[in-house]
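Quick notes on the structure that follows.
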Amino acid sequence: MITLAIESSCDETSIAVLENMNVKVNLISTQYFHSKYGGVVPELASRAHLKTIALLYKDALASSSLNESDIDLIAVTQSPGLIGSLLVGLNFAKGLSIKLKKPLIPVNHIEGHIFSSIIENQNFNFPFICLVVSGGHTLIYKVESFFDYEILGSTIDDAAGEAFDKTAKLMGLPYPGGPELDKLAQFGNPKFHNFPRSMINSGDLNFSFSGLKTSVRYFIAKNYPNGIPENIKQDLASSIQSAIVEILVIKTMKAAQLNNINKIAVVGGVSANSLLRKSFVDECNKFDIELSIPKLEYCIDNAAMIGFLGFNKFVNSNNFKSNLSIRANPNAIRK
Ligand code: KG4
Ligand code: ZN
């Protein structure tokens, strides 16, 4: 069965082709131009999706040596995301569904990230604890099946990706700051300054990152009012990164322990972070926990994860009915 998948919820346009559970092609076009505005400009994002989507669709078919008529199912991101961006992908998908007379399955973007942990490791079975860390979300889930999962904890203010991006901005790094801060931090001293690990002893599985941002702002204003010297930047980046990563790792390990689950998945854009990956590998080895972190291509926003979940939901649902009246929803996170 061939699934054509579409993702356009933020600033990546992506089209993937899957044959059953296997990804044949996963094309991702990132809108790097937002960098000069210091963040994603929603209207420009929608226009860029419009320009790219049909070309990417043609490329995806050509790269997988398939014709339109080979498509059996269309999966598309319906929520959450920027409304204009979501609408471009959803309407393209609806048009295809009408033209090809094939079913359309809507997919929640966060759910897509959760199950991206299984794409390359299909023996990684349920139940597992999943940390979703992206620019907009920081959540810990207990995942029991493709249909059944619950939120165990979430951020009460900024997302982890936002913490990376905002502190990087305070350091004068370009947007998105996460990867830039990661690069700098690799050569720095994480013990240079002890930034706060908020809510580390809160007794629950929630996070808070806004205090870290404020603390970095005051630290820079007090110590480097005329600009951060070059020889300090690596140590500062390393200290910020280690604060964010330590909180994420401790809370996720605690979730596994409290629920007596020996599998952990780490997904979403921030799971590209090198210290986060290394720390999870080390901790999971120590406690004999099976770990799944997708390769980079499946960590960032991508259509393969949307197709993978769409296909699995489709084949595992009883009497699925394609519904062309589905609407884009900017806010939906299923509880
Ligand atoms: O999942 P994603 O691609 O888009 C959203 O749905 O938000 O995540 C983007 C986030 C950004 O905040 C970006 O700075 C962060 O992931 N990110 C990183 C790294 N690569 C991407 N943060 C820290 N270290 C990285 N290497
Ligand atoms: Zn995402």
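The values are calculated or read from the model by the stated rules, or taken from the named source; none is laboratory data. Quantities reported herein were computed from a predicted structural model and do not represent experimental measurements. Virtual Cβ from ideal backbone geometry, glycine too; neighbours counted across all protein chains shown. Areas reflect the complete protein model, heavy atoms only, side chains present, ligands, DNA and RNA absent. Shrake-Rupley method; radii C 1.70, N 1.55, O 1.52, S 1.80 Å.
Only Cα pairs under 8 Å and at least 6 apart count here; give the relative contact order of the chain as a rounded whole percent.
Working: 700 pairs, mean separation 82.6, N = 335.
Relative CO of the chain lands at 25 percent.
Accessible surface for Asp282 stands near 70 Å², nearest 10, in the context of the full protein assembly shown (1.4 Å probe).
Rounded to the nearest 500, what is the 222 nm mean residue ellipticity of the chain from helices alone, with -39500 (n - 2.57) per DSSP H run of 4+ residues and division by all residues?
Details: 10 runs with 145 residues, N = 335.
Helices in the chain give a 222 nm mean residue ellipticity of -14000 deg cm²/dmol.
Restricting the calculation to alpha carbons of the chain gives Rg and Dmax of 20.2, 65 angstrom. Approximating the spin labels as points 7 Å out from Cα along Cα→Cβ, the Ser210-to-Lys58 distance works out to 4.8 nm. When the Cα atoms of the range 130-248 are aligned to their principal axes, the ranges along those axes come out at 52, 26, 21 Å in descending order. Projecting the Cα atoms of His113, Gln241, Asn323 onto the charge dipole of the chain, computed from C-beta unit charges around the Cα centre, puts Asn323 farthest toward the positive end.
Close amide H pairs (under 5 Å, H built 1.01 Å from N) link Leu152 with Ile140, Tyr141, Lys142, residues at least 5 positions away or on another chain. For Arg47, the solvent-accessible surface computed with a 1.4 Å probe is close to 140 Å², ligands and nucleic acids excluded. Exceeding 20 Å between C-alpha atoms, which entries from my cross-link table qualify? They are Lys142/Lys278; Lys94/Lys313; Lys102/Lys295; Lys166/Lys295; Lys251/Lys278. Beyond 20 Å: Lys142/Lys278; Lys102/Lys295; Lys166/Lys295. If you sort Lys58, Lys251 by accessible surface, 1.4 Å probe, largest first, the order is Lys58, Lys251.
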